[in-house]
Structures are given as C-alpha cells and as structure tokens.
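Let me begin by presenting the structure, written as structure tokens, before commenting on it.
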Amino acid sequence: MRQSRFTAWLSPALLVAIVVPCALGADEVAKPGTFEAKVAPVLNKYCISCHGGKKPKAGVNLATFTDEAAVLKDLKTWEKVLENVELGLMPPEDKPQPTEVEVETLTAWVESTLTSANCRGPADPGRVTLRRLNRNEYNNTIRDLVGIDFHPADDFPSDDVGYGFDNIGDVLSLPPLLMERYLAAAEQIVQRAIIADERLDPLTRRRELERFGKNPREQAAGQPYKGFARGLASNGEIVLEFQPSREGNYQVRVRAFGQQAGPDPARLTVRVDGKDIETVDVTATEDAPGTYDVLIPLTPGRRKIALAFVNDYYKPDDSDPKLRGDRNLYLDWVEFRGPIADLKSLPEPHRRIVFLQPSSKKSEWRGNARIILERFASRAYRRPATPEELDRLLTLFDMALKDGERFERGIQLAVEAVLVSPHFLFRVEYDDDEAAHPLNDYELAARLSYFLWSSMPDEELFTLAAEHKLQNNDVLDAQVRRMLNDPKASALVENFAGQWLQIRNLKTLNPDPGQFPNFDEALRSAMIRETELFFQAILTEDRSLLDFLDADFTFLNERLAKHYGIKGVRGEEFRRVPLTDPRRGGILTQASILTITSNPTRTSPVKRGKWILEQVLGAPPPPPPPDVPELLEGKDARLSGSLRQRMEQHRVDPGCASCHVRMDPLGFGFENFDPIGAWREQDEGLPIDPSGVLPSGQTFQGPAELKAILKTKDAEFARCLAEKMLTYALGRGLEYPDKCAVDRITATLSSDQYRLTRLVREIVKSDPFRKRKGKGDES
C-alpha cells in the first residue's frame with residue numbers, strides 16, 4: 001500500500017488510520033467542504049495551469065473536480081494524482097513547488113477520501129496478474145511433482161523484484177532466454193525421472209542342460225537324454241551359477257517334460273542359494289515339451305540357482321495299472337531373463353509418473369497413456385486437465401509409437417510438453433464476467449500452497465479441492481495449521497522472511513577484509529541461519545510477532561556465539577540459547593540485519609534507520625534529493641569529529657534534515673554494533689554515543705531502551721508486517737481497497753496478542769486472498 005512520504009511515524013497525536021497527515025486532523029479531513037476550503041486552493045495554485053482547460057496535459061483535467069462528490073466518481077484518477085505527488089513527480093521541477101504543509105494537506109485529504117470510499121459497500125478484492133513461477137517456486141514444484149530435487153531453475157535468469165518480493169506477477173516477465181531454459185530443463189527432468197532406455201530391456205541368457213556341468217562350481221545330476229536334455233531321477237537337482245548385474249526380479253524359464261507316472265505330474269522346484277522359491281507342475285510329455293516360468297528376486301553377486309526334481313515315484317509292479325510306472329523329470333534348457341522392469345523395481349520418480357504398468361497388448365497402450373497423463377497433467381496444471389488438453393498430449397505419445405519408440409518414451413514426450421505448457425509455468429486464475437467472486441477451490445488451493453510452501457498443492461489439498469470443501473472456513477483454517485507444521489513451510493522462512501528482512505542480500509555483501517578479517521563464509525552462513533531459525537521459532541511456537549523486536553533467546557553455533565562474545569556454545573550445530581544481556585535480542589541486534597545495513601568499511605546509521613522505517617514501521621522516507629554530497633570518509637574526515645558529529649554537520653541542509661531527523665536517531669541507537677554485528681564501545685578511537693531523541697520527543701540511551709520504545713509501537717509494526725505478508729501472499733502490490741482488509745487483519749491480531757500464526761490465518765481468510773475482481777467491476 002502506498003505510504004505518504006511525510007508520515008510522522010512516532011507521534012501518537014498525528015496517527016490517523018494508516019497515514020499520519022500533519023496539516024489536517026482526522027475530523028477535519030472528513031469534514032464536508034474540506035475539498036473546497038483546503039484542497040482546491042492547492043490544485044488551483046500548482047496544478048490547474050497544466051491539468052485544466054481544453055487540452056489538459058496527459059489527458060488529466062483536474063478542473064472538473066469541484067467538490068468531493070466529483071472526486072468519488074473517479075477514484076482511479078485521484079490514485080494517480082496521489083502517487084505522482086508522493087513520488088515528487090508532480091509538479092515538475094521547473095514549476096513552482098508546494099510547501100511541505102501544502103503537500104501534506106493534499107495527500108492527507110486524498111488518502112482519507114480514497115480509504116473511506118473503498119471501505120464502503122462490497123469489498124474490492126483486486127486482481128492478481130497472470131504470473132509465472134519464480135525460480136524457487138519452479139524448483140519446489142518440480143521436486144513435489146516429479147520427485148527429483150536437482151534445482152534446474154538455478155540456471156535460469158534472476159527474477160525481477162517488485163514491492164520487495166520476487167513473486168510479484170507484474171514483474172515476472174518471460175524473456176526468450178528463459179523460454180530456452182524451460183525447454184532444456186523439461187528435457188533434463190524427463191530424462192532423470194522416467195526410464196525409457198535399455199534399462200527396461202531384460203537380458204536373456206540360455207544354458208543348454210544336456211551339455212551342462214563344465215563349471216566346477218556347478219553340479220550336474222542325471223544323465224544326458226537323447227542328445228537334447230538331461231534326465232533327473234530320485235529327486236536329483238542341477239545347480240547353476242548365475243551372476244546378476246543389477247538388483248531386480250529375474251525370470252527363470254525352463255523347457256522341460258516329465259516321464260509321468262503315479263497320481264501326480266512331475267514337479268520342478270526352483271531354489272536360490274538353497275532356499276525354495278517356487279514349485280511348478282511339469283505336465284508336459286516328451287512328445288510336446290513345455291516351458292515353465294518362475295520369477296525370482298536377485299541382488300548383484302554370485303547366486304546358485306537349483307532346478308530340482310522333488311517328487312520321485314517308482315512303482316513298476318503296482319496292482320493298479322494307472323499307478324504303475326517310473327516318474328522322472330527331463331530338462332532341455334534354462335533361460336535367465338532380467339531384470340524385469342516391474343513398477344516395484346523402478347525408481348520412485350518413474351513410479352510416481354508412470355504409476356500404471358503398460359499392458360502387454362500394444363492396442364491398449366493409448367488407454368494406459370491417457371490414464372497416466374491425465375493424472376500427471378492435472379497435478380501439473382493444479383486443476384483437472386480437460387479432454388482437449390489430454391488429446392493434444394496423446395498426439396505426441398502417438399507420434400513416438402509411430403516412430404517405433406517404446407511406451408515410456410511416448411510418456412516422456414508428453415510430460416515434456418506439460419512442463420513447458422503455460423498452464424504449468426504460470427499460475428492461472430479465471431475472471432468472472434460479472435462482479436467480484438470467490439476463487440474456485442483449485443485456485444484457492446494453489447494460492448495457499450504457494451503462499452506457505454512456495455510449491456504446488458499436495459494430495460490432501462487436491463482432494464479437498466475436488467470435493468469443494470476448501471471454501472469452508474473451518475477446513476481452510478485446519479489446512480493452514482497443518483501446512484505450517486509441515487517441513488515444506490520452511491519455504492515461508494526462506495522466501496518471505498528472507499526478502500522481508502532482506503537477509504538474502506547478505507549472500508553478496510563483502511565487508512572490507514582488511515578491517516574485518518574474521519568475516520568468512522562460515523560466519524556469513526551462521527548469520528543467515530540464526531535469523532531463519534529465529535523466524536521459524538516464532539512461527540512454529542505460535543509466538544507474538546512483537547518478539548521480532550525484542551526477545552530473550554536466539555539460535556547460535558560456536559562460530560556465531562564467539563562473534564557475539566557469548567560463552568558456553570560448542571560445535572557447528574545450532575541450538576537455542578537464552579540471552580541475559582538486554583542489549584541483544586530480536587532481529588534488530590542480529591548480525592545478519594546489522595551487516596546488510598552497513599557499508600563495507602563502516603556502519604551506516606542512515607541505512608539502519610531507513611531499514612527500520614521501511615521494514616518495521618511501514619513509514620519509508622522519500623528518495624533523497626538529487627546531488628546530495630557524500631559523507632566525508634578517511635583520515636581527513638576523522639579530524640572533523642566522530643561519525644555522529646560528521647552526520648550532524650551533513651544534515652545542516654534543510655532538504656536533508658526533514659528525513660534524517662527520523663532515520664538517524666534509530667540508526668545511532670544501534671551504533672554500538674560494528675559493521676558485522678559485533679559489540680564495541682569505541683569507533684575510530686572515539687567513544688560511541690548511542691543515545692537519541694525521536695520525533696515524538698521520546699529519548700533513549702542505547703539499543704535496549706530503543707527496542708523497548710519500538711516494542712510499544714505494536715500497531716504500526718503489526719500493520720507493516722501485515723501489509724508485507726499480504727503482498728507476498730497475493731503476489732501483487734496493495735491498493736487502497738486492500739486497506740480495509742489490512743484494517744481487519746490488524747484489529748484481529750491485537751485481540752490475539754499479535755501471534756504470527758494468527759496473522760497467516762487472517763490473511764488466508766481475507767477477501768483479497770480468497771476472492772478476485774470480476775470483469776464487470778472494471779468501471
């Protein structure tokens with residue numbers, strides 16, 4: 001949500017809703033006739049000369065707005081007016097400039113009017129731009145869809161950032177280079193996930209048993225028979241040596257017949273390393289030998305495979321002619337075929353996609369493929385695939401089979417097409433032709449999963465969506481709780497917290513090695529990990545988000561503990577550590593934040609103060625005016641005093657003072673922490689003064705007292721964090737209609753001790769998250 005550049009964040013008497021107008025109180029803003037008395041004179045003095053008359057510049061005619069009723073009929077124009085004034089784009093630099101009071105008068109009235117208008121009547125949930133998966137979302141989705149985790153998106157171009165996050169639809173473009181990478185990644189993914197080569201072709205090895213017995217490790221029983229077989233009598237066996245190359249199921253096929261006698265046929269038992277696997281009835285006779293198959297599981301190494309005759313029978317003199325005779329077993333040859341590629345023996349990613357064993361009849365393969373592709377495409381598209389979409393995918397499957405390819409290769413081609421489809425690469429939400437409307441269950445499932453997991457919905461979410469149950473508040477709330485307890489919720493820490501707190505920037509920062517020789521990759525990683533674990537603890541332990549501002553615990557390993565001067569922590573493993581020094585505690589005193597808000601050679605009170613205004617209090621200062629001179633550095637600079645004294649000299653310029661009076665005290669409150677977050681008492685040989693006076697008149701001595709003051713600003717911090725998390729959850733910047741939802745979320749938070757999990761749940765239940773503006777709302 002846009003903020004006035006003149007917000008006075010610490011003065012309670014000036015707070016009006018989200019913005020804090022200095023020239024108008026809340027009652028005066030809302031008073032009838034304020035436009036004519038306070039706003040129109042500013043417009044007439046600075047705006048109407050260009051934006052009035054018969055040919056107004058940019059087609060914007062502000063002269064037509066004579067009262068508040070006229071403004072309410074065209075809120076879009078006034079949103080643009082406010083944006084241009086806040087950014088300092090209007091009036092142009094070569095035109096007369098309004099005073100600060102005049103700018104505040106105008107912006108305060110416009111903000112109040114827009115807020116009041118947008119919160120009346122039906123809520124406007126806004127519309128999220130069609131947006132593609134960013135790099136993190138792509139990697140995570142491939143992991144959960146296919147079952148392989150090799151991060152193909154790491155080679156993609158970097159994602160653009162909007163509103164502080166890299167999942168904003170308006171900035172996630174699709175350049176030609178990225179499309180090339182998508183094509184290459186899809187090919188790599190299917191090659192890794194689906195086996196479609198000779199590994200599926202079992203090898204066949206045949207042994208002729210009549211000439212069997214040359215290997216001394218093998219045992220030959222019986223006698224050769226008529227030059228083509230070997231006969232077994234008296235329960236004899238042939239023991240062969242077989243050495244499989246890969247683990248799997250192998251088919252033992254034996255051509256055999258029996259000299260039948262007695263009530264039962266001859267029986268053959270197959271044994272592996274002395275263990276009986278299966279016994280088959282050999283009913284064939286010499287005039288028509290048969291083949292008999294047994295499937296045996298084998299692992300690589302030498303195996304002894306025995307073919308045993310197990311039911312000898314000899315009664316030449318039985319009184320019953322039917323029972324009279326001599327039963328023997330004759331073996332012609334044996335084949336070992338394998339490994340057989342059944343589903344159980346194939347890798348998990350293959351089984352996840354090709355979950356159905358293709359039929360032995362090629363005529364049924366297309367039906368098998370349709371079942372497989374319907375399941376895969378529906379999961380990839382995050383909603384049921386249509387018959388038309390499946391027909392197009394099956395066309396690729398048909399082409400592969402026509403070219404003589406195997407079944408699995410046809411599946412590979414179709415899956416590759418799915419992975420470069422816009423329905424996979426983009427998160428698509430459909431507009432209603434009329435008014436604002438709830439998302440359908442599949443769209444809501446996708447919003448929920450990409451918010452909390454940066455990945456696709458899981459099976460439970462898909463099932464609830466198919467059953468149309470996700471719109472139920474109780475069901476939705478239960479899913480949020482379940483998902484926050486899932487390990488995949490670490491994505492909320494890495495992607496939301498990493499960008500809100502800007503600790504991702506630490507990966508590319510390099511403090512001066514001459515001044516900070518102790519800073520290395522191990523310390524950098526430890527800094528990031530501390531902040532991630534801290535955020536995770538507040539989330540999983542259902543703690544108050546005010547703990548971000550100050551807390552009596554953190555997470556350290558030995559390397560980071562030594563950096564902080566905390567004793568008793570040993571080893572590389574991170575563990576929860578209680579903090580007894582009030583100067584430490586909360587994100588503001590963590591080395592990750594202190595380092596990213598410093599310069600390579602020194603601290604930067606301006607950066608630290610600006611970071612607090614932007615990321616904690618939601619009151620960012622305006623951009624600095626052009627041609628601001630740099631602060632003096634080096635030995636000559638030190639002669640003019642400490643860093644604090646030099647900055648006080650620097651902001652003598654009235655153009656700088658209005659912003660620096662808000663930023664500098666916040667930054668100097670943490671000046672005892674050096675540029676990489678270690679505690680110090682002096683800087684450049686001079687004692688550090690960490691005291692300050694805030695614009696509200698509140699004073700403090702050092703970081704402990706400043707944190708205590710900041711913690712009293714619970715409403716401002718809660719609103720700031722709610723706006724940032726809602727922006728991340730929606731994938732778009734917030735507009736004025738969203739203020740109504742933020743108001744409700746923040747009010748609910750204050751009634752529940754500002755718990756972070758409550759913030760997540762309230763965002764999920766809000767209208768902007770669950771609904772979408774319709775085409776009929778455009779007017």
Problem - Cα-based Rg / Dmax (Å) for region 450-578 - result: 18.5, 63
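Considering only protein heavy atoms, with the full assembly of protein chains and a 1.4 angstrom probe, order 144, 67, 276 by accessible area, largest first. Write out the running numbers ahead of the final one.
Values: 144 30, 67 55, 276 90 Å².
So the residues, ranked largest to smallest area, are 276, 67, 144.
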Exercise for the section: With 10 Å bins from zero, work out the P(r) of the chain over every alpha carbon pair and list the percent per bin. Expected result: 2, 11, 16, 17, 15, 12, 8, 6, 5, 4, 3, 1, 0, 0
Problem - Protection proxy ranking, peptides 416-422, 390-396, average beta carbon neighbours within 10 Å, highest first - result: 416-422, 390-396
Handout entry: Surface per residue (accessible, 1.4 Å probe) for region 384-445, Å²
Key = 45 Å²
Handout entry: Equivalent ellipsoid, region 307-439 (semi-axes from 5 times Cα gyration tensor eigenvalues, Å)
Key = 56, 17, 14
Exercise for the section: Report the FRET efficiency, 1/(1 + (r/R0)^6), for residue 120 and residue 699, where r is their Cβ-Cβ distance and R0 is 45 Å, rounded to 0.05. Expected result: 0.60
Completion exercise
In nm, the gap between the two label points placed 7 Å beyond Cα toward Cβ at residue 247 and residue 319 is 5.9 nm
Problem - Whole-angstrom gap from region 277-344 to region 683-761, using each part's C-alpha centre - result: 80 Å
Problem - Label zone at residue 228 (point 7 Å along Cα-to-Cβ), backbone N below 19 Å, region 323-339 - result: 328-335
Fill in the blank from the handout: Helix 441-452 sits off the longest principal axis of the Cα atoms of the chain, rounded to the nearest 10 on a 0 to 90 degree scale, by 70 degrees
Practice task
Can you check what the Kirkwood hydrodynamic radius comes to for region 666-728, Cα pairs only, in Å to one decimal?
Solution key: 13.4 Å
Handout entry: Per-peptide average of other Cβ atoms within 10 Å, ordering 364-372, 163-171 highest first
Key = 163-171, 364-372
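Of the accessible area of the chain, with the probe set at 1.4 angstrom, what percent is carbon plus sulfur?
Ligands and nucleic acids excluded, carbon and sulfur give 50 percent.
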Completion exercise
Of 119, 720, ordered by accessible area with the largest first and a 1.4 Å probe, the sequence is 119, 720
Exercise for the section: Find the Cα radius of gyration of region 271-321, compare it with 2.2 N^0.38 Å by division, and give the number to two decimals. Expected result: 1.60
Problem - In Å², nearest 10: area of residue 442 left accessible to a 1.4 Å probe - result: 50 Å²
Fill in the blank from the handout: The pairs in 507/724; 54/775; 73/724; 45/610; 73/610 lying past 26 Å Cα-Cα in this model are 54/775; 73/724; 45/610; 73/610
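Taking 1 over the mean of 1/r across every pair of different Cα atoms in region 680-779, what Kirkwood radius in Å do you get? All intermediate terms of the calculation are to be shown ahead of the outcome.
Details: mean 1/r = 0.0611 Å⁻¹.
Mean inverse Cα-Cα distance, inverted, gives 16.4 Å.
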Fill in the blank from the handout: Rounded to a whole number, the Stokes-Einstein D of region 111-264 in µm²/s (Kirkwood radius over Cα pairs; 10 °C; 1.306 mPa s) is 68 µm²/s
Practice task
For region 443-524, restrict the atom set to alpha-carbon positions and state the Rg and Dmax in Å.
Solution key: 18.9, 63
Problem - Cα centroid of region 488-536 to Cα centroid of region 542-559, whole Å - result: 15 Å
Problem - Point-charge dipole on Cβ atoms (K/R +1, D/E -1) for region 471-530, about Cα centre, debye to 20 - result: 100 debye
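The values are calculated or read from the model by the stated rules, or taken from the named source; none is laboratory data. What you see is a predicted model, and the numbers here were worked out from it, not measured in a lab. When we count neighbours, we look across all protein chains shown, and the Cβ atoms used for this are built from the backbone with ideal geometry, even at glycine. To get the accessible areas, we keep the full protein, side chains included, count just its heavy atoms, and leave off ligands, DNA and RNA. Shrake-Rupley method; radii C 1.70, N 1.55, O 1.52, S 1.80 Å.
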